[in-house]
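The values are calculated or read from the model by the stated rules, or taken from the named source; none is laboratory data. Nothing here was measured: the structure is a model prediction, and the numbers come from that model. Reconstructed Cβ throughout: ideal geometry from the backbone, glycine too, with neighbour counts over all protein chains shown. Just the protein is used for accessible areas: all its heavy atoms, side chains included, with ligands, DNA and RNA removed. Shrake-Rupley method; radii C 1.70, N 1.55, O 1.52, S 1.80 Å.
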Amino acid sequence: AVNVPLLATVPTVGNESLAADVLLGKRLFYDARDDRLAALDYMSCASCHNEGSDDGRVWDFTSMGEGLRNTISLNGRAGMGHGFLHWSANFDEVQDFEGQIRGFAGGTGLMSNADFFTGTRSEPLGDPKQGISADLAALAAYVRSLDRAPLSPFRGLDREFDAVAQAGVDVFRSAGCADCHTPASMTDSSDGDGLHDIGTIRASSGDRLGGQLNGIDTPTLVGVWKTPPYLHDGSQTTLEGAIAAHQSTVLTSLELSQLAAMIRQLDDGRALVE
């Protein structure tokens, strides 16, 4: 690593609007120089989640007990606001990213080894990591602050659904989409017990927590206009393709286009409410 000396710190914000813990967490989120966060000083959380969004890539996490995983946007989810994290719902607190910092980015971690390896704390869904490290708590606070999804450009100036999308609402309800994509969060993600197999799990999907992957955690539909490719393995490049991949759902071409139009127009300003 190149050792570059700090010459000066220049303030650029006169009146900081972020709370102190959120600001610290944001700094850690974008920091690739801190060896606690990444080896070789080249990777930060923002490398995959710049501005809280996604990088549009599919990563192979087989070595970490998962499989091919499409990067998930953090925006609009407010940390644990939609339930457990990841496609396999294998994190029950934002602080579980301590294991990913160590195992994926190669950092030494934001808590001590003694704390990390106490009991089952080093395991996802193990003993709680919350309350152990102030820096890890700040990182979690920043992730929780990402509570707004981007506004959809597919909606008109009145911010209402157009006629095609409104027809898609009827398709959404009649096809039973709300059974899993429950309004208004548009997901039934909770504690990892409600995983679903829509017919897309294959060998490359890998495992969950070292065991069989029986289903995928339902992703929210809010803001997905901005996050192709789709599905847990990024195997569909369009919303139409992702909808059609649901083997239990049979739609006409018109219904498919109407439903896709509705989903493209979903954002925090217009989420369905039953």
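Summary of computed values
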{"read-out": "Rounded to whole Å, sorted largest first: equivalent-ellipsoid semi-axes of segment 29-156, Cα gyration tensor", "value": "24, 16, 15"}
{"read-out": "Gain in span if fully extended, D34 to Q130, counting 0.36 nm per residue against the direct Cα distance", "value": "32.5 nm"}
{"read-out": "For the chain, calculated [θ]222 nm from helices alone, where every DSSP H run of n ≥ 4 adds -39500 (n - 2.57)", "value": "-6500 deg cm²/dmol"}
{"read-out": "Most to least accessible of V171, V164, V10 (protein chains only, probe 1.4 Å)", "value": "V10, V164, V171"}
{"read-out": "Accessible area of W59 in the full protein assembly, 1.4 Å probe (Å², nearest 10)", "value": "80"}
{"read-out": "Of all accessible heavy-atom area on segment 93-176, the percent that carbon and sulfur account for (1.4 Å)", "value": "54"}
{"read-out": "R0 of 45 Å, Cβ-Cβ distance L254-M80: FRET efficiency to nearest 0.05", "value": "0.75"}
{"read-out": "Gained length - R159 relative to S190, 0.36 nm times residue gap less alpha-carbon distance", "value": "8.2 nm"}
{"read-out": "Convex hull (Cα only) mean projected area of segment 129-245, reported in nm² to one decimal", "value": "9.7"}
{"read-out": "Relative contact order of segment 1-92, defined on C-alpha pairs under 8 angstrom at six or more residues apart (%)", "value": "14"}
{"read-out": "Full-extension gain in nm, D41 to T238, via 0.36 nm per residue minus C-alpha separation", "value": "67.4 nm"}
{"read-out": "Degrees between helix 20-30 axis and first principal axis of the chain (Cα, 0 to 90, nearest 10)", "value": "80"}
{"read-out": "5 Å-binned pair-distance histogram of segment 117-167 (Cα, whole percent)", "value": "4, 15, 12, 14, 9, 8, 7, 7, 11, 8, 3, 0"}
{"read-out": "Heavy atoms of S248 accessible to a 1.4 Å probe, total area in Å² rounded to 10", "value": "110"}
{"read-out": "Rounded Å value of the spacing that divides the Cα centres of segment 126-196 and segment 106-125", "value": "29"}
{"read-out": "Rg/Rg_globular for the chain, with Rg_globular taken as 2.2 N^0.38 Å and Rg from C-alpha atoms", "value": "1.07"}
{"read-out": "Solvent exposure ordering (accessible area, 1.4 Å, most first) of D217, D35, D41", "value": "D35, D41, D217"}
{"read-out": "Acute angle (nearest 10 degrees) that the helix 134-144 long axis makes with the longest principal axis of the chain, alpha-carbon atoms", "value": "20"}
{"read-out": "On Cα atoms only, tilt of 253-264 relative to the major axis of the chain in degrees", "value": "40"}
{"read-out": "Accessible area in the full protein assembly, largest first, 1.4 Å probe, for Y42, Y142", "value": "Y42, Y142"}
